[in-house]
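Working notes, beginning with the structure itself.
The values are calculated or read from the model by the stated rules, or taken from the named source; none is laboratory data. What you see is a predicted model, and the numbers here were worked out from it, not measured in a lab. Positions of Cβ are backbone-derived with ideal geometry, glycine not excepted, and every protein chain shown enters the neighbour counts. The protein model used for the area step is the full one, side chains on, heavy atoms only, and it has no ligands, DNA or RNA in it. Shrake-Rupley method; radii C 1.70, N 1.55, O 1.52, S 1.80 Å.
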Number of protein chains: 2
Amino acid sequence: MGTVGIKDVAERAGVSVGTVSNALNRPGSVRSSTRAKVERAMVELGFVRNESARQLRAGKSRLLAYVVPDVGNPFFTDIARGAEGVAQAAGLALVLCDADSERDREDGFLELLLEQRVHGVLITPIDAANPRLVALADRGVPVVLVDRVAAPGDILCSVGVDDVEGGRLAAEHLIAQGHERIAFVGSPNAMPQVADRYRGAVDATREGADGEILLLDSQRLDVESGRLAAQRLLGIPERRRPTAAFCANDLLALGMLQALTGQGHVVPDEIALVGYDDIEFAAAAAVPLSSVRQPRRELGRLAVTLLLDDAGREGGHQHEHPVLRPELVVRASSSTPPLVALRRGLP
Amino acid sequence: MGTVGIKDVAERAGVSVGTVSNALNRPGSVRSSTRAKVERAMVELGFVRNESARQLRAGKSRLLAYVVPDVGNPFFTDIARGAEGVAQAAGLALVLCDADSERDREDGFLELLLEQRVHGVLITPIDAANPRLVALADRGVPVVLVDRVAAPGDILCSVGVDDVEGGRLAAEHLIAQGHERIAFVGSPNAMPQVADRYRGAVDATREGADGEILLLDSQRLDVESGRLAAQRLLGIPERRRPTAAFCANDLLALGMLQALTGQGHVVPDEIALVGYDDIEFAAAAAVPLSSVRQPRRELGRLAVTLLLDDAGREGGHQHEHPVLRPELVVRASSSTPPLVALRRGLP
DNA sequence: CCGGAAAGTTGAAACGATTCAACTGATCCC
DNA sequence: GGGATCAGTTGAATCGTTTCAACTTTCCGG
């Protein structure tokens, strides 16, 4: 009574295996009375199609994978949500692979996915220069880099958000609120995304003329690092201390917020904060956090769309690199209250 | 130049396909000089094993899936982290499937996983009575229910946390802090986990004699619902208003915290808060949140361990239903400050 | 240097679904 | 009635790997 195959169904229904297969894949081409017989047999025997066998013949599976560096970060799960919708509409299932910030895991997944002959791979790579990515593409598995602005030599599709613009938006906003000394919290050297945000902020202060940016380097982008950054900020003598901080992501900003208010400093009066990503918890903070919102779901949707296009064409697929625009969401953490504004001589 | 198969490798290396397969799966049984030849051929041709074909023969894949109701909830991703470790050690890869709280999606994934003949399925089901779960197990796919305390008729493995105990811990703590009117925020009717937490809290007040519980029903367990619950709480005349709220999860508690402080109410002086799950953002809130911590990673590890045990035995596998103990983490949101304690006549 | 055990290698037969050219009957029209 | 057409149906070949009984080679003690 091992497993029920198409053959058992055929026998039971008194037809050939070809007919069962047709009933399954091209129902229209089978006389309805026959189809009924087959369907009944399938139910009676509890038949479940063996996807491995189908794949073996088809050469491709119906799985789409999104390899993320950290499933714990709501930013990525939101992208996944967006991607899932489009994937499902195309008859593909999206599964998530969590590399947990480890290259080895990421490599392990890529290897597995290649062996599985998955339909396609979305990935926010720990290192976009990983040769496995190109190897995958060479073997005919469409790959799309997610949350990545194309670099010159890129030969893969990618979707990204204009982080320079995002950094600029945040800094311009803070300057408009009257801040002249602004801290940037993050690690521009570790991640290109962060480098861009930093650059955008620096550009804005250059143009604004009377702003300056202080870099508070923070290797990791998590809540704990935010708390530490707050300590360092408070260690600066008050005369020279920045009156605002722009954080490379919301986790950092939340950490700072906690440390600052925990020590009696009022946000935004003493120190204004702007985060990045606009995760759900940003709005839910005790002092709702201003943040640069990335169109996450759109990013996911777009990524799958590109991937399907790539998979669709035979060979000649032009790789694309769309870049979306971020948007500043202003909340209490950076809205200068009237009194403070007056003190700073703002309109 | 289509795809490179084991046959091409065999030809190139001047051996038979059987030998290539052996070199791949039982390297010890192949003379090392032969193995070297084979390996070289594989590299030269860029051979990648076709997992579908292997599966077809083996009857089972090396994929483990965890079907979650909501990847956006850090609680589940932490469980996944725990699970991943054990899975990897066993040579299996764990993928996440996000049902997004929709039954149809969940069903879709289960169907797919069955067709893929996955090695096993972990699931935190939207509805544990879903017949597909048992169907899966009947077809020989090990299934483990996660975050589920076994109900009498259960014929699947499960791992859970004692939510009655968790509810009790939270309520006892609040009572010890001098609170006599306590609100429970959540939807005991929709989810058994929440029902248990509620029951534990009610039990505690019964025994504590001078406590009482007010149920603030909230269908969903997200931040937005928490904000709404806060409104309803504040709508109660102050004389009769609870002085503490125990929320069915941290998202609710964070929502309440935001709404309360946003309207000038001081937590914990006026209203104390306790959440559930102890997600990372709980500690990072502006008023750090007390919460009942569930051993999430341990839950994940245990689930995979059970699953592997189930998969290992031939037929006679005793289903197990371990239940772990939660732990209360007290932070500022429910620590009665000295002055208030004095007013309430506490030691 | 022989016999036999051990080690290494071979190749054909699975695994289960899909495909497709060939076949079978109907149906229709002149 | 004969030929053409068409809708359904058939079953053998195929996908790429694993398995395993049979075979060959190597090794060793006597």
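Out of the GluC sites (Glu not before Pro) in segment B:72-109, which ones are loop residues according to DSSP with at most 14 other C-beta atoms within 10 Å? Kindly include the intermediate steps, with their values, before the conclusion.
Numbers: sites: B:Glu84, B:Glu102, B:Glu106; in loops: B:Glu102.
Listed in order of number, the matching sites are B:Glu102.
Other protein chain C-beta atoms within 10 Å of residue C-beta, averaged over A:276-286: 5. Across segment A:13-130, the relative contact order, built from alpha-carbon pairs under 8 Å that are at least six residues apart, equals 28 percent.
In sequence order, segment A:182-188 has phi-based couplings of 10, 9, 10, 10, x, 10, x Hz under the Karplus curve 6.51 cos²θ - 1.76 cosθ + 1.60, θ = phi - 60°, and Gly or Pro positions carry x. Note on segment B:177-238: Rg/Rh from Cα positions, Kirkwood definition for Rh, rounded to two decimals, is 0.99. Distance from the C-alpha centroid of segment B:185-199 to that of segment A:69-143: 36 Å, rounded to the whole angstrom.
Under a 5 Å amide H cut-off, with hydrogens placed 1.01 Å from N, A:Leu328 pairs with A:Arg293 among residues at least 5 apart or on other chains. Most tightly packed first, judged by the mean number of other beta-carbon atoms within 10 Å of their residues, the peptides A:122-131, B:196-205 read B:196-205, A:122-131. With contacts taken as Cα pairs under 8 Å at a separation of at least 6 residues, segment A:6-49 carries a relative contact order of 43 percent. In nanometers and ordered shortest first, the copy-to-copy spacing of the A:Leu214 label point, defined 7 Å from Cα toward Cβ, is 4.7. For A:Arg49, the label point sits 7 Å beyond Cα toward Cβ; its separations from the matching points on the remaining copies run 2.7 nm, from shortest to longest.
Inside 10 Å of the C-beta atoms of B:133-143, what's the mean count of C-beta atoms belonging to other chains?
Details: counts 0, 0, 2, 1, 0, 1, 4, 2, 0, 0, 0.
Partner Cβ neighbours, averaged per residue: 1.
In loop segments of segment A:208-288 as defined by DSSP, the trypsin sites (Lys or Arg not before Pro) with at most 15 further C-beta atoms inside 10 Å of their C-beta are A:Arg220, A:Arg239, A:Arg240.
Here the simple spin-label model places points 7 Å from the Cα toward Cβ, and for B:Arg31 and A:Thr34 these points are separated by 5.5 nm. The HN-Hα couplings worked out from phi for segment A:21-34 by the Karplus form 6.51 cos²θ - 1.76 cosθ + 1.60 (θ = phi - 60°) are 4, 4, 4, 7, 9, 9, x, x, 8, 10, 4, 5, 5, 5 Hz, whole numbers, x standing for Gly and Pro. Chains B and A: what accessible area do they bury, summed, in square angstrom to the nearest 100, with a 1.4 Å probe? Accessible area lost upon association: around 4600 Å².
Considering only beta bridges that DSSP places wholly inside the protein assembly as shown, some 10 percent are antiparallel. Take each peptide in A:262-268, B:9-15, count the other Cβ atoms within 10 Å of every residue, and average; sorted highest first, the result is B:9-15, A:262-268. Straight distance only, please: which lysines reach the Cα of A:Lys37 with their own Cα at less than 17 Å, same-chain residues fewer than 8 apart left out? Reachable lysines: A:Lys7.
What you get for segment A:106-247, charging only the Cβ of Lys and Arg (+1) and of Asp and Glu (-1), is a dipole of about 380 debye around the Cα centre. Shape analysis of segment A:75-155 places it in the rounded category; the axes a ≥ b ≥ c from the Cα gyration tensor give an a/c below 1.5.
The phi-based Karplus calculation (6.51 cos²θ - 1.76 cosθ + 1.60; θ = phi - 60°) puts the 3J(HN,Hα) values of segment A:278-286 at 6, 5, 4, 6, 5, 5, 8, 5, 4 Hz, whole numbers, x for Gly and Pro. FRET efficiency for the A:Asp269 to B:Arg240 pair, using the beta carbon distance and R₀ = 35 Å, is estimated at 0.45. With a simple spin-label model that places each label point 7 Å from the Cα along the Cα-to-Cβ direction, the separation between B:Val323 and B:Arg139 comes to 3.3 nm. The rule of thumb for compact globular proteins, 2.2 N^0.38 Å, goes into the C-alpha radius of gyration of segment B:6-49 0.95 times. When the alpha carbon gyration tensor of segment A:1-96 is reduced to an equivalent ellipsoid, its three semi-axes come out at 36, 14, 12 angstrom, largest first.
Residue of chain B with the smallest Cβ distance to the axis mapping B onto A, distance rounded to whole Å: B:Ala286, 1.
Counting only other chain Cβ atoms within 10 Å of each residue's Cβ, the peptide B:112-118 averages 5.
Computed from Cα atoms alone, the Kirkwood hydrodynamic radius reported for chain B is 22.8 Å.
Here's the picture: charge each Lys and Arg Cβ at +1 and each Asp and Glu Cβ at -1 in segment B:6-49, and of B:Val43, B:Ala10, B:Pro27 the one pushed furthest to the positive end of that dipole is B:Pro27. For chain B, the relative contact order works out to 17 percent when only alpha carbon pairs closer than 8 Å and six or more residues apart are counted. Quote the FRET efficiency, to the nearest 0.05, computed for A:Val43 versus B:Ala58 with a Förster distance R0 of 30 Å and r equal to the Cβ-Cβ distance. Once the sixth-power term is evaluated, E becomes 0.65.
About the Cα centre of chain B, how large is the charge dipole given +1 on each Lys and Arg Cβ and -1 on each Asp and Glu Cβ? Please answer in debye to the nearest 20. Let's see the in-between values first.
On the way: 39 positive and 46 negative charges, 241 e Å.
Here chain B has a charge dipole of around 1160 debye.
Within chain B, antiparallel bridges make up roughly 10 percent of the DSSP beta bridges whose residues both belong there. Ordering B:Leu56, B:Pro69, A:Pro152 by the projection of their Cα atoms onto the charge dipole of the protein assembly as shown, which places +1 on the Cβ of Lys and Arg and -1 on the Cβ of Asp and Glu, puts B:Leu56 at the extreme positive end. When the trypsin sites (Lys or Arg not before Pro) in segment A:40-83 are filtered for DSSP coil states and for at most 12 other beta-carbon atoms within 10 Å of their beta-carbon, no site remains. From the label point of A:Val330, set 7 Å along Cα to the beta carbon, how far off in nm is each other copy's matching point, shortest first? Label-point separations across copies, in nm and ascending: 4.3. Less than 5 angstrom separates the built amide H of B:Leu273 from those of B:Ala245, B:Ser334, all sequence-distant by 5 or more or on a different chain.
Is the shape of the protein assembly as shown best called rounded, prolate or oblate, per the rule: a/c under 1.5 gives rounded, else a/b larger than b/c gives prolate, else oblate, with a ≥ b ≥ c the square roots of the Cα gyration tensor eigenvalues? Intermediate values should be presented prior to the final figure.
On the way: a/c = 2.30, a/b = 1.39, b/c = 1.65.
Here the protein assembly as shown falls in the oblate category.
What the Cβ-Cβ distance of A:Arg103 and A:Glu224 gives, at R0 = 25 Å and to the nearest 0.05, is a FRET efficiency of 0.70.
Please report, in debye to the nearest 20, how large the charge dipole of the protein assembly as shown is about its Cα centre when each Lys and Arg carries +1 at its beta carbon and each Asp and Glu carries -1 there. If you can, show how the numbers build up before the last one.
Numbers: 78 positive and 92 negative charges, 307 e Å.
Dipole magnitude for the protein assembly as shown comes out near 1480 debye.
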